1. So, in nm, how far is label residue 291 from label residue 149 when the simple model puts each one 7 Å beyond its Cα toward the Cβ?
2. Report the extension gain between residue 20 and residue 265 in nm, rounded to one decimal, defined as 0.36 nm multiplied by the number of residues separating them, less their alpha carbon distance.
3. Mind checking the full-extension length gain between residue 110 and residue 358? Use 0.36 nm per residue of separation minus the Cα-Cα distance, one decimal, nm.
4. Once label points are set 7 Å from the Cα along Cα→Cβ at both residue 487 and residue 366, what is their separation, rounded to one decimal in nm?
5. Separation between the residue 275 and residue 413 pseudo-spin-labels, each 7 Å from Cα along Cα→Cβ, expressed in nm?
6. With the Cα gyration tensor of region 204-266 giving a ≥ b ≥ c as the square roots of its eigenvalues, does the rule (a/c under 1.5 for rounded; else a/b larger than b/c for prolate; else oblate) give rounded, prolate or oblate?
7. Just in region 172-259: which trypsin sites (Lys or Arg not before Pro) are loop by DSSP and have at most 13 other Cβ atoms within 10 Å?
8. Any chance you could tell me what percent of the C-alpha pair distances in region 169-227 go past 13 Å?
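Derivation of every value follows stated rules applied to the coordinates shown; laboratory data play no part. As the structure is a computational prediction, the values presented were derived from the model and not from experiment. Heads up, the Cβs are rebuilt from the backbone with ideal geometry, glycines too, and the neighbour counts pull from every protein chain shown.
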Amino acid sequence: MATERLSMRKIREILRHKWAMGSSHREVAASLGVSVGAVSAAEKRARLAGLDWPTVAALDDAALEARLYGAAAEATRRPLPDPAYLHTERKKPGVPLELLHLEYLARHPAGYAYTQFCEHYRRWCQDRRLSMRQIHRAGEKLFVDYSGKKPQLTDPATGELREVELFVAVLGASNFTFVEASETQQIGDWIASHVRALEALGGVPGAVVPDQLKSGVTRACRYEPEIQRSYDELALHYGTVILPARPAAPRDKAKVEVGVQLAQRWILARLRHETCFTLPALNHRIGELAVEPNDRTMRHYRASRRSLFEQIDRPALKPLPETRYEHALWKFVRPNIDYHVELDGHYYSVPFTLRHERLDLRHTATTVEILHRGVRVASHLKSPLRGRHTTVPEHMPRAHQAHLEWSPERLTRWGQSIGPHTGLLVEAILADRPHPEQGYRSCLGILRLAKRYGDARLEVAAQRARAAGAKSYRHVDSILKHSLDRLPAPAERSHDPAAVVHENLRGPDYYRS
C-alpha cells in the first residue's frame, strides 16, 4: 500500500523536527499525528531531493512540493510491503511469508527481494513489542497539565466564590515545578501559561508533553493525535515539539501527575484559609508558596528540585527567542466575489485573483494575516468596526482602483470647469443620493458627454435639465441626443406659489382677516 501523501505543512514540520530538532521518528510521529512510516518516507524523499533544513525553510510550499515530487520520484519505484496486512494474513492458517512475498511481487514486480521483505516485517514486529520505559534526560521534556482540584477567587462585593484553573509544568530530569492559576482552560489561557512557564524556567526544553485536552489537541487519538494549530505555532516559535501523552496512560506523564499532587498538597491546601480577590494576587501568593516544595530536599535524590534544576536541566535548556510569542488564532476563509474575507463582522481585502480560493487567516489582538499555501498574501491592522471594510488599493482590479481616484470635490470642480450649470447639476446629483459614491457613475457619464458634444452644448443641456428638475445621466443624454439644447432655454422652475395663477387657488390673501 502506497504511503499517504502529506500536506506541505506536515512535511515541513517533519523535516524541522528531524533536522533542526534532532527528534526520533517515533517522537515526530507522536507530535504531528502521522505514522512512523510517513516520517521515514518524507525524510528519505527530502534527502533524495538534495535538501537540508536551511533550504527547506527558505522555500515556499509550491517550490518545496516541486523539489520533493520532482527529484524524489526515484524513491517511489519500489513500494514497501504493508506490515500490518502481512501480520493479519499470517494469523490465517497455512499462510507463510514466502506466499505473501510472491503475492507482493505479483502486485509490484520491481519490489523488494525476499530478504529485505522479511527484514522490513521483522523490524515492524519488534517495534510493536517495545514497552515505554521513561528515561528523563537533561532539558529533554516539560510535562504540563491542569489540576482537578481548583483554587478560588472571592468577589469583593458579594463574597461569592469562583473557581479558576491551576496550571502545572514539571521538568522531567529535575522535577522542578512551575505552578500558576488561570481563568480558563481555553486556548488563549493555555498558551499564555506555557509562555510564562518557559520564561520562568529561562529556557526551552526539547519537547512539551501535554495531556490530550481540547486546547492542545484538536483530534484526540492514541496513535495519531492532531495538534491544535496555535499550539503547534507556539512550538515552532520556541523551537520545541509537542508530544501528547496517550489517552488513559498516566505513565506517559507520571512526572506532572506527581507535580499536580505536590501543588494540591503544598499550595492549594495552604490557600484554603486565605482569601484572594484578583488573579494577579492569587498568582503572587502561589509563587511564594511554590518556593518551599522546590527548595525541599527530596529523599530519593538527596537534593532539592531547584538544585537539580540548576545542575542538570538549566544548562541543557535552549535559550528563549528574542521575542515573546504572541498568541494567534487560525481559521479557514474563502473570499467572495468582492475579494474580502470576514473576521468578527469586519471585512479585509485580499488580492482579487484569489477570490473563491481556500485561504488561512491568522489573527492576533492587533493584526490580521491571510496566507495562501503558506505564503502571506495580505496583512491588515485588526479593526473592531463591524460591517465595515478594510481595503488595500493594490488588491483591487484596475477598474476598481480607478474608481478610488474620484471624490465629490473632484467631480464638482470638473463640472464647474465646464460651466456653472454643469457644476450645480453635479452637486445636485451627489446630494440627491444617500451616499455620494452612488452618484459617481452618473456624474462621470454626464461629464464625459463633453467629449462627444462639446463643453458649450453640455452646459446648455445641464441648464435645461436643472430647469426640468432632472438629476440623472439619462436626462442629459436624451437632451443632447435629440438636440433639445438648441431650443430656447426655459426659465428654471420657480418654487414661489404666488407666481402660479389659477381660479381654484385662493392665495395667501384669502386667509387674512
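1. Computed distance between label sites residue 291 and residue 149 equals 2.3 nm.
2. 84.2 nm
3. Length difference between fully extended and current span is 85.4 nm.
4. 6.6 nm
5. Those two pseudo-labels are separated by 6.9 nm.
6. In terms of gyration-tensor shape, oblate.
7. In loop regions of region 172-259 (DSSP not H, G, I, E or B), the sparsely surrounded trypsin sites (Lys or Arg not before Pro) are 214, 222.
8. 66 percent
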